[in-house]
Amino acid sequence: MKSILVTGGCGFIGSNFVRWELKTDPDLRIVNLDKLTYAGNLENVADLESNPRHRFVQADVANRTSVTELLRSEPFDAVVHFAAESHVDRSILDSGPFVQTNIVGTQVLLDACRAANIPRYVQVSTDEVYGSLGAEGYFTEDTPLAPNSPYSASKAAGDLLVRAYFHTFGFPAVITRCSNNYGPYQFPEKLIPLFVANALEDRPLPVYGTGENVRDWIHVLDHVRGVDAAMRRGRVGEVYNFGGRNEVRNIDLTRLLLELLGKPESLIRYVTDRPGHDQRYAIDCAKAERELGWSPQVDFREGLRETIAWYLSHTDWVNRIRSGEYRRYYAEQYGGRTETGVRRQESGEAT
Ligand code: NAD
Ligand code: TYD
């Protein structure tokens, strides 16, 4: 591949993908289209500013004119679509931007790619489109879509458009579905960076509900390698799941973070649950292992240590993000949540 278009390359996973591709493929050029929403940050790619193989274009993926013109302006060997509204809690507060970016944006991008005869398209999606698991079982690529949050519903709708464009027009698309990522440059609204940032300031860690919900955590670079494999070797029309084979209960993760940070468990606050909170996600990634020769590499404890070290050395980055719009969001999201006292009941202290 000589040239690719990446959307959302100034967000968490997109910026890790762009950096990794430029490092591992010295012949590759990348155009990075990003709207720079609250979650997109040029600082995330500041080290690539002087790299002649990286070009940033500020645009909305749902803007038909800009996207069509960009795709016409030069030939791309592939388009990798990361750009999205990505946070479940925000989608509960307001689903509008999720429908606009994740559904309309995907449709606009698909049309522009078709018009430009793009030979390969990767839709970066999520395991959340499969809904929620009970105590047993795993999501496979054949699990029926049953999204439960406005975020996952909008991602599933995007995936269905991609599927339909493949089926109807033979559009050369591959879909990837990954579990929960962690690592450097993650916006501190998601569990791991939020809890690390709060703990470092001795502020409470708001655990939703009983803290027994399970997520399958994967290091962002393992996900990046998976998207790369799907882009280069994935079969058109196929879906590939990626996961860390690493199921952890939220409360166990919270305790582990506090242990690694040397902070007390008294910072834990059990708060009102997220509405519609999915109980458990767990990915069966055997297809990607078999067909793409991919497997998750990063040890969780080691990955968390490195991630914490990254946040410790990027306090300016965190502080800049946690000013401004973030404060309004934090007050709206957490201000109305009451402490539930689950912890006191657990330890037998409840009355
Ligand atoms: P993020 O919120 O950190 O970044 C999203 C990026 O998209 C930002 O740079 C933002 O500016 C950009 N963007 C948003 N709306 C846009 C628009 N209308 N036009 C152009 N750019 C726009 O998200 P992330 O965590 O890096 O997730 C990236 C992708 O991976 C998403 O599609 C998400 O659904 C998927 N995914 C994320 C996870 C996870 O754990 N974070 C897991 C599986 C899949
Ligand atoms: P999150 O990082 O938002 O990812 P997702 O909802 O996409 O899985 O949340 C991970 C888990 O942590 C999820 O079960 C919700 C929970 N959670 C909390 O308990 N407290 C919080 O403040 C946040 C943001 C999440």
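Protein heavy-atom accessible surface, 1.4 Å probe, per residue over the chain: 42 Å². Give me the Debye-computed log₁₀ of I(q)/I(0) at q = 0.19, 0.27 Å⁻¹ for segment 93-145, equal point scatterers on Cα only, no solvent, two decimals. The calculated log intensity ratios at q = 0.19, 0.27 Å⁻¹ are -0.85, -1.05. Highest GNM mean-square fluctuation among Gly243, Gly324, Gly183, for the chain modelled with Cα contacts below 10 Å: Gly324. Between the C-alpha center of segment 70-120 and that of segment 204-264 there is a gap of 23 Å. Start at zero, step by 5 Å, and the Cα-Cα distances of segment 1-79 spread as 3, 16, 29, 26, 18, 7, 1 percent across the bins.
Against the main long axis of the alpha-carbon atoms of the chain, helix 300-312 sits at an angle near 90°. Per-residue 3J(HN,Hα) values for segment 121-138, derived from phi via the Karplus relation 6.51 cos²θ - 1.76 cosθ + 1.60 with θ = phi - 60°, read 9, 10, 9, 8, 10, 9, 5, 5, 5, 7, x, 10, 9, x, 5, 10, x, 9 Hz in sequence order (x marks Gly and Pro).
What would the Debye equation give as log₁₀ I(q)/I(0) for segment 188-257 at q = 0.21, 0.24 Å⁻¹, counting only Cα atoms as equal point scatterers? Once normalised to I(0) and log-transformed, intensities are -0.92, -1.06.
On a per residue basis, the convex hull of the C-alpha atoms belonging to segment 208-348 measures out at 160 Å³.
GNM on the chain, C-alpha springs below 10 Å: top fluctuator among Glu259, Glu85, Glu189? Result for the chain, Cα springs under 10 Å: Glu259 fluctuates most. On the principal axes of its alpha-carbon atoms, segment 49-196 has extents of 49, 40, 27 Å, going from largest to smallest. The fraction of accessible area contributed by carbon and sulfur in the chain is 49 percent, rounded to a whole number (1.4 Å probe; ligands and nucleic acids excluded).
Sparse packing (at most 12 other Cβ atoms within 10 Å of the Cβ) combined with a DSSP loop state is found for the following trypsin sites (Lys or Arg not before Pro) in segment 223-299: Arg235. In the calculated pair-distance distribution of segment 21-130, the portion above 20 angstrom amounts to 45 percent of the Cα-Cα pairs. Kirkwood Rh, the chain, all Cα pairs: how many Å? Here the Kirkwood hydrodynamic radius works out to 20.7 Å.
The values are calculated or read from the model by the stated rules, or taken from the named source; none is laboratory data. All values derive from a computational prediction rather than experimental measurement. No Cβ is skipped: glycine too gets one built from the backbone with ideal geometry, and neighbour counts run over all protein chains shown. Areas reflect the complete protein model, heavy atoms only, side chains present, ligands, DNA and RNA absent. Shrake-Rupley method; radii C 1.70, N 1.55, O 1.52, S 1.80 Å.
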